Every structure is written in structure tokens, then in C-alpha cells.
Amino acid sequence: MAGATEGIRISGAYQHRWSGIEGSPKTTIVTADTPFRFIGKQHGMGMVVGTEIMGQKNNSLLAAQYAYRQKVGSGYLSAGIQAGIYQLAFDAGNLTLANDSVANNTVMIRTNFTDRSVFDFNAGLSWKGRHFFAGISVMHLTSPWFYAQSDSTPVAVASPDSIRRHIPRSYNFMASYNISLFYPLDIQPMIWVQGTNATTQIRATMRAIFRQKYSGGASWVKNDGYVFFAGALIRGVEIGYAYSLHTQGIGKQGNGSHEIYIGYRIPIDAFDKKSTPGKSIRLL
């Protein structure tokens, strides 16, 4: 949620899904957000820039975020929205495996192509206390539609062989709890459930944090496999790596998925003017 911390956050993530399969998707996301006060209330704003590449085609996203924060009980309740534009060049929700007979039956990804800009809208609500976090959200609220076709030539308007497709609306629930077993080790169990009209995905995670600087853990993903991850906080820079072992689905044919994360947080007071000790203001 934008503005959920007491500083400016800048982060980036790169994911290569299903490595070893020709044309497998590569996703890059960069985000930035900051808290601010207006009329005595706490708010947050941010932006998201993302791109997903598959072969010679890529989908891109440019979105803005806003959130309102209010202290409720021992924690903070946040309500946020995200609105942006997707530039679609392929149907990311319809990926299939195929064999390229020209390249010695190399396993490759195929999908339907399109050429359309669509408006996308997300909304969410979360509560965060000292130990507990819970959040719900609706993604792709408008369920934007587009035309796609299997031919490699994108189409901007409907043609006889075009297929009308939608980015499906999805509902998300996430919760975590911080357990302080003994200093300096914390354990964080987490659950994430994502559902559409057609599918439900469940991810259960166990994360360990040592001295608030080093972390690691594993996740189980329903109908997919397992994720193993580790991270560290070094001089204010947070870095992390995750490896996904796919035991089902398309990913089973590849060599796993890889993800790299990097983030940096700038304290709000870093931009405040500070007086110079030992000098008179009249002499400056």
C-alpha cells in the first residue's frame, strides 16, 4: 500500500519465469511511493512502471497509486486505489506449450497476439498492527477486454478470426503474523489466496528474520510447486533472490523461475534543513 512506511520507498524486481523454455516471460516492475500529510490526515501516493516480455512482444503498465491511512486500535487501517494504462501486445493469460520442429523440437511458449491499450483499476484495504497484517484487494476491477488472434500479426480491430478476451477480475486475501520466539529471531507465517471465476491459487509461506537484517524461507504454491527465497538489508539497501521449483503446469518443462529484488528507503526527515552547530545564523 502506498505510503505504508515512514519514508520514501523505491524498489525494483525482475522475474524470469520458466527458464529453459524458449520465449518464456520476463517481467520487470519498478515502484516508488511516499507518505504525506494533508489537512492533518495521513496519505500516500506512488507510481508503478512495469513490462512483461515474451519473445519479440511486450506488455507494459504505467499506473498511479493513492492511499489513505487512519489509526484504528493498535494499528493503521489503509484504503488504496491504483489506476493505470496497460499497453497489450500479447495475451498473458493464455500461454501454451508447443514444439518448434524447425529447431529440433525445442519446447517454446505460444500465445495469442493483440494490439490494444486498456484502462486498469485496482482497489484494496489493509490493517497493520505491531504483529499482525491482513489485506484484501480486487485487481482488474473493470475486467478490461481486448481482441486477440493466434496469427503473429497483431490486430487493432476485430477480424473474423479474432477472439474477444478479458483480463479476469481477481480477488486477493493476504495475512501474516510476526512471532518473536527469542531475540534476535522472528518467524513470520503468511498466507495468500487469489481467486478468479475460473481458478483459485493458494500460497503458504514461512519466513525467518534474523536481527532484522537477514531473512529466508520457503513457500508452497497450490498446483505449481515451491519457492525458496533469501534476502538481506545492507546499508539501507534491501536485496533478495527467489527460486521457484515447479512440479506442475507449464513450468515443469523448464528449469525453474528466478526473481531478483532490490529496494531502498529514504527517511522523510533526510530532506529537512538542519542547522550547522557552532555557527550564528546571522553570519550565514
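The values are calculated or read from the model by the stated rules, or taken from the named source; none is laboratory data. In this text, all values refer to a predicted model and were calculated from it rather than measured experimentally. In this analysis, Cβ positions are derived from the backbone assuming ideal geometry, glycine residues included, and neighbour counts consider all displayed protein chains.
Observations on the model:
- Residue match in the range 184-199 (condition: modelled with pLDDT under 90, farther than 23 Å from Arg9 by Cβ, surrounded by fewer than 16 Cβ atoms within 10 Å (Cβ to Cβ) and of a type in the set (A, V, I, L, M, F, W, C)): yes
- Test set (1) surrounded by fewer than 17 Cβ atoms within 10 Å (Cβ to Cβ); (2) at pLDDT 95 or above; (3) farther than 17 Å from Ser176 by Cα - Gly240 fails condition number: (1)
- Scanning the range 266-284 finds one or more residues that are part of a strand (DSSP E or B) and at pLDDT below 95.
- The number of residues in the range 1-38 that are within 19 Å of Asn58 (Cα to Cα), over 15 Å from the mean Cα position of the chain (by Cα), of a type in the set (Phe, Trp, Tyr) and in a strand (DSSP E or B) comes to 0.
- Of residues in the range 39-56 being of a type in the set (Gly, Ala, Ser) and assigned to a strand (DSSP E or B), the one farthest from Arg130 (Cα to Cα): Gly50
- Residue check for Gln70: in contact with a Lys or Arg (Cβ under 8 Å, 6 or more places away or on another chain) and either loosely packed, with under 14 Cβ neighbours inside 10 Å or not aliphatic (A, V, I, L, M) (or both): yes
- Residue match in the range 246-258 (condition: within 30 Å of Glu6 (Cβ to Cβ) and either out of contact with any Leu (no Cβ under 7 Å at 6 or more places or on another chain) or at pLDDT below 90 (or both)): no
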